[in-house]
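First comes the structure, then the notes that go with it.
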Amino acid sequence: MQNAADIALMLAPLVSADPARPFVVAQLGQSLDGRIATLTGESRWINKEAALDHVHRIRANVDAVLVGVGTVVADDPLLNVRRVPGRHPARVVIDPNGRMSPTAKCLDSADGSRRLVIRRAGLSAPSLPHGVEIIEQAADADGRLDPRETIATLHARGLNKILVEGGAWTVSQFIDAKAVDRLHVLVAPVILGSGKAGLSLKPIDRLSEALRPEARVFVLADGDVLFDCDLRSRT
């Protein structure tokens, strides 16, 4: 079991965040060589039990958990809190082109949590279950939605603390847009040697352009390592 003092330190920036502005934490689980899945797409379980507990602990301390539609299509996650005590967050799916199935597990209303789906404005898409909040957002020329506008829209709806949980493309888009306050990278001591890479940001030409955030490091109870990166401190 993880040390209670470490847990308090991991959660401190989130718990103490200024309620007057949005606070966004993004998380990514990966292998030692930066892979989030094998070439066939298998990703369960790169990280171990303590890392999963950590993700659920973050969920229990945010107002909303956000994923891209690709994660919903591939994994059909519940996005609730099961591994630790705590309340279920609102569930938000970015689905610009209406790919989401109305039977997706994260749209289930059984636990009473809010369910929100963000689509590009003017889209004609299949209807979703009763009670799902549909948010329309203007898209750019490539059909992409601005992460900063997404966060502002959720904040205006009372969702201040937000976990961007996946997938890697969505996390990367939010980092590139400077819409993330803290990044939690959960690294497992396993080497895949090939497969899908984790973060994929806009290319840089020089090391001086690289993000070098202040980071805290925690060794989890079963050997995975958490890098807690303060992206507001990056140079």
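Some observations on this one:
- Distance histogram for region 156-230 (every C-alpha pair counted, 5 angstrom bins, percent rounded to whole numbers): 3, 12, 18, 23, 23, 13, 5, 2, 1
- Phi to ³J(HN,Hα) by Karplus 6.51 cos²θ - 1.76 cosθ + 1.60 over region 143-158, Hz, x for Gly, Pro: x, 9, 9, 6, x, 5, 5, 4, 5, 4, 5, 5, 4, 5, 9, x
- Estimated at 0.36 nm per residue, the fully extended path between Arg157 and Ile191 surpasses their Cα-Cα distance by 8.1 nm.
- Among Ala90, Ala74, Ala152: highest mean-square fluctuation, GNM of the chain, C-alpha pairs under 10 Å: Ala74
- Test item: Cα-centred dipole of region 78-163, Lys/Arg +1 and Asp/Glu -1 on Cβ, debye: 420
- Zone residues, region 160-202, relative to Thr38, backbone N less than 14 Å from point 7 Å out along Cα-to-Cβ: 191-196
- With helices as the sole contributors, the chain gives -6000 deg cm²/dmol at 222 nm; each DSSP H run of n ≥ 4 counts as -39500 (n - 2.57), and the sum is divided by every residue.
- Separation of alpha-carbon centers, region 108-130 and region 196-235, rounded to whole Å: 33
- Each distinct pair of alpha carbons in the chain adds a 1/r term; the inverse of their mean, the Kirkwood radius, is 18.3 Å.
- Per-residue 3J(HN,Hα) values for region 197-213, derived from phi via the Karplus relation 6.51 cos²θ - 1.76 cosθ + 1.60 with θ = phi - 60°, read 6, x, 5, 9, 9, 4, x, 10, 9, 10, 4, 5, 8, 5, 6, 10, x Hz in sequence order (x marks Gly and Pro).
- The Rg/Rh ratio of region 108-201, with both radii computed over alpha carbons and Rh defined as the Kirkwood radius, is 1.01.
- Alpha-carbon gyration tensor eigenvalues x 5, square-rooted, for region 1-141, Å: 27, 20, 15
- Here the contact order of the chain, divided by its residue count and restricted to Cα pairs under 8 Å and six or more residues apart, works out to 29 percent.
- For Val180, the amide hydrogen comes within under 5 Å of no other amide hydrogen, counting only partners 5 or more places away or on other chains and with H modelled in the peptide plane.
Readers should treat all values here as calculations from the given coordinates under stated rules, not as data from a laboratory. Bear in mind that the values here come from a model prediction, so they are computed numbers and not experimental data. Every residue, glycine as well, gets a Cβ built from its backbone with ideal geometry; the counts of neighbours run over all protein chains shown.
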